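To keep things clear, I will list the structure first and then write my remarks on it.
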Amino acid sequence: MRRPAPLRPALGRTVPFVSALAATALLLTACGTERDGAGNAGAAEPSSRTQVADPGKDGVRVISLTLPSSSPSPTRSHSVSADGLTRDSGIVAAYEVTNKGTETLTYSVIITFMSADGGAMANQTATVRDVGPGKTVRGTVGAGELPPTTPRVTQAKVLEVTKVPAGEAPAAPGTCPASGIRVSADKGDAAMGLRVVGLHLDNCGTRDYTVDGYPLLELLDDDLKHVDGVKIQDSGGEITPGSSDDKQQPGPVTLRPGESATASLVWRNTTEFGTPVNVPYVRVRAKAGAAPVIVTPNLDLGTTGQLGVTSWQQAEH
C-alpha cells in the first residue's frame, strides 16, 4: 500500500499537506447511483470541467476535474485564518466508486491534485460508505485551500484506496453504533524509527462499558486475509523498554457514557535481513465478544516481526 505523495513547495512557500486525518470526509450511502455536490462551496468564479483519463484503482477513478477560469487564484470564503480570509481554490474532482465484489463495502479514497509536471499540490480524502455489490456511487471532493502562488492544478488521480466490509467499518463521525461503543484509530506518530498509532474507544451509548486489559487484534493483508509471522507483544515493553508504555498496568477500565479509553500499537520499521512485512489492516475487538472493527493503520513492520500493543487506559478529559 502506497503512502500519500509528498506535496510540492510553491515558489518558496510550503503547500500545506492535507492528510487523510485533516481532510473533510465525504460520507455517502449507496443505494444505486448517487451524486454528492460537496466541494463546490465558495466557487463563485466561472469554471470549466475537463474529463480525466484516470485508470483508477480498485474500482475507483477520477472522472472529471473542474477548474476556476483564473485558477490557481482562490475564491474567498468567510472563515478567518492566520493570513486573513480563508481562501478556497474552487478546484473540484468528480470521482466514481464501483464495487465489483460480492459484499457491501466502505471505501476510503485519497485523491491527489497535481500540476502539469505531476507535482502533488494537495491530497484529499473521501469516505464512501455502504457501496453494495455491483453498485456505483459518484461524488466530488475539493482541493481545498491553496496559497495564491501554487502552480496551476491541471490534473487529478486516485492515489490510494482502502476498503473494508461495511459492517466492520469504523462508525461515521458524529454517529454511534447500536453497541454504544465506537472504535477508531488515529494517524499515528513517528520518531527515531519508532511508530505509534493510537486506538480510541468511546462510550457513545447510555450504559457503562468495562474493558479489562488489552484490545484483541487480528492482522490482515490487502485481501483482508490473516497475516502470519508477526508476534504481538502485550505492553510493547520489548519494543520500547523503560518507556511509559512499558509501565502501564493492565486492569479493568469502566467507561461511563461520554467517556473514552485509549491503547496504542507500537512498532519499529527496522529493515535488516529477511522480507519486510506490511500490514495494511487490523481487525480490533475492544474485548472478547465485542463487535469487530477494521482500522487501516498501514503497519510497516520492517523485518522485526514484532508489534506491541498497550492496555486500555482511561483517557484524560
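The values are calculated or read from the model by the stated rules, or taken from the named source; none is laboratory data. Please read all numbers here as calculations on a predicted model, not as lab measurements. Ideal geometry is used to build each Cβ from the backbone, glycine not excepted, and the neighbour counts take in all protein chains shown. Ligands, DNA and RNA are stripped out before the accessible areas are found, and what is left, the full protein with its side chains, is counted by its heavy atoms. Shrake-Rupley method; radii C 1.70, N 1.55, O 1.52, S 1.80 Å.
See the values below:
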| read-out | value |
| --- | --- |
| Count of the stretch 76-105 residues which are modelled with pLDDT of 50 or more, over 22 Å from residue 153 (Cβ atoms) and open to solvent by 10 Å² or more (accessible area, probe 1.4 Å) | 7 |
| Failed item, numbered, when residue 304 is tested on (1) open to solvent by less than 40 Å² (accessible area, probe 1.4 Å); (2) outside any strand (DSSP E or B); (3) touching a Lys or Arg at 6+ places or on another chain (Cβ under 6 Å) | (1) |
| Subset tally (residues that are under 14 Å from residue 90 (Cβ atoms) and either open to solvent by 20 Å² or more (accessible area, probe 1.4 Å) or part of a strand (DSSP E or B) (or both)) for the stretch 132-153 | 7 |
| Conditions (1) over 20 Å from residue 47 (Cα atoms); (2) among the hydrophobic types (A, V, I, L, M, F, W, C); (3) open to solvent by 40 Å² or more (accessible area, probe 1.4 Å): number failed by residue 110 | (3) |
| Boolean, residue 209 is at pLDDT 95 or above, aromatic (Phe, Trp, Tyr), within 24 Å of residue 182 (Cβ to Cβ) and open to solvent by less than 10 Å² (accessible area, probe 1.4 Å) | no |
| In the stretch 212-236, the residues that are in contact with a Lys or Arg (Cβ under 7 Å, 6 or more places away or on another chain) and part of a loop (DSSP other than H, G, I, E, B) | 215 |
| Residues of the stretch 176-190 satisfying the condition of being assigned to a loop (DSSP other than H, G, I, E, B) and not small (Gly, Ala, Ser) | 176, 177, 186, 187 |
| Tabulated pairs, the stretch 256-284, first more than 17 Å from residue 188 (Cβ to Cβ) and charged (D, E, K, R), second open to solvent by 60 Å² or more (accessible area, probe 1.4 Å) and modelled with pLDDT of 95 or more, C-beta under 6 angstrom, 6+ apart or interchain | 256/208 |
| Residues within the stretch 113-126 that are crowded, with 21+ Cβ neighbours inside 10 Å and hydroxyl-bearing (Ser, Thr, Tyr), tallied | 1 |
| Matching residues in the stretch 307-317 - criterion: being part of a loop (DSSP other than H, G, I, E, B) and either open to solvent by less than 10 Å² (accessible area, probe 1.4 Å) or closer than 27 Å to residue 166 by Cβ (or both) | 310, 311, 312 |
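Quick grid of which residues meet (1) exposed (fewer than 14 other Cβ atoms within 10 Å of the Cβ); (2) modelled with pLDDT under 75; (3) in contact with a helix residue (DSSP H, G or I) (Cβ under 9 Å, 6 or more places away or on another chain):
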site	(1), (2), (3)
242	yes, yes, no
260	no, no, no
281	no, no, no
292	no, no, yes
